[in-house]
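**Q** Once you've had a glance at the structure underneath, I'll fire off some questions.
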Amino acid sequence: MSAADDFLDTAKTLHRVGSHEGDWRRVISTAYYAAFHCIIENGSPLIFANQSAVEEGRRWFSHNGMYSVATTIGSKPNEQRGDAWLKWKKQCGAIGITELPGATVFSICRNFAHLKRSREKADYFPPVAESKFARSEAGRAVDLAQSICDDLPQLARGNPSPDLVAMVMAMLKKSTNLSRSRS
């Protein structure tokens, strides 16, 4: 069983048996970590040649670097024309995404970015009356993490989709600052 599976199982169990806001916050945070580890576990073998490099490379991914790429890809405008579309294409090009990502990669990115924002809110925002977490928010986090953990391994198996490889490479570059020019 992988770390992603362990985190996802924990989030599901706590969502099922939890009874208060602290539980819902923990569910959201744990669901995010399931998605985070799923991307790393399935993405690292796509870009590193041998098992020892995969294990070492897994530690190079950062939360903020991955979030930055996911936010860029996941913010694709609905219409493929106009200024918003051109701006999005330029932003994608800046992180190395030159081909239009498929619907599944777009969904993975959108869901991951949502989970990261939710985790930060759950972990760092103080409980106040207007920001109480509900069981439904925790359930949504579990559903989003489950979607990532279902879809990503399918794309990574066999002949992985080029848009997935590009996404993982962009996440690694952003995480390690390899995308910055060196003078």
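**Q** Under a plain spin-label model, where a point goes 7 Å from the Cα along Cα-to-Cβ, how far apart in nm are HIS20 and ASN177?
**A** Roughly 4.3 nm, to one decimal.
**Q** Taking every pair of alpha-carbon atoms in the chain, what share in percent sits in each 10 Å bin, from 0 to the bin with the longest distance?
**A** Going from the shortest bin to the longest, the percentages are 10, 35, 33, 18, 4, 0.
**Q** Taking 7 Å along the Cα-to-C-beta vector as the label spot, tell me the PHE125-GLN91 distance in nanometres, rounded to one decimal.
**A** The modelled label-to-label distance comes out at 2.1 nm.
**Q** Extension gain ARG59-ALA134, at 0.36 nm per residue separation less the Cα-Cα distance, in nm?
**A** Taking 0.36 nm per residue and subtracting the Cα distance, the gain is 23.7 nm.
**Q** List the GluC sites (Glu not before Pro) within region 82-147 that DSSP assigns to loop and that have no more than 12 neighbouring Cβ atoms inside 10 Å.
**A** Answer by residue number: GLU99.
**Q** List the trypsin sites (Lys or Arg not before Pro) in region 86-134 that DSSP assigns to loop (not H, G, I, E or B) and whose Cβ has at most 13 other Cβ atoms within 10 Å. Which are they? Each step should come with its number before you reach the end.
**A** Working: sites: LYS87, LYS89, LYS90, ARG110, LYS116, ARG117, ARG119, LYS121, LYS132; in loops: LYS132.
Filter output for region 86-134: LYS132.
**Q** I would also like to ask the following. Once you have the Kirkwood Rh of region 46-116 from its Cα pairs, apply Stokes-Einstein at 25 °C and 0.890 mPa s and quote D in µm²/s. Write out the running numbers ahead of the final one.
**A** On the way: Rh = 13.4 Å.
The diffusion coefficient I find is 183 µm²/s.
**Q** Let me check against my output: what whole-number percent is the relative contact order of region 1-111, with C-alpha pairs under 8 Å and at least 6 apart? Walk me through the intermediate numbers first.
**A** Values: 77 pairs, mean separation 22.1, N = 111.
Here the relative contact order equals 20 percent.
Bear in mind that the values in this text are calculations on the coordinates, not laboratory data. All figures in this text were calculated on a predicted structure; none of them were measured in a lab. Counting neighbours? That spans all protein chains shown, and the Cβs are built from the backbone with ideal geometry, glycine included.
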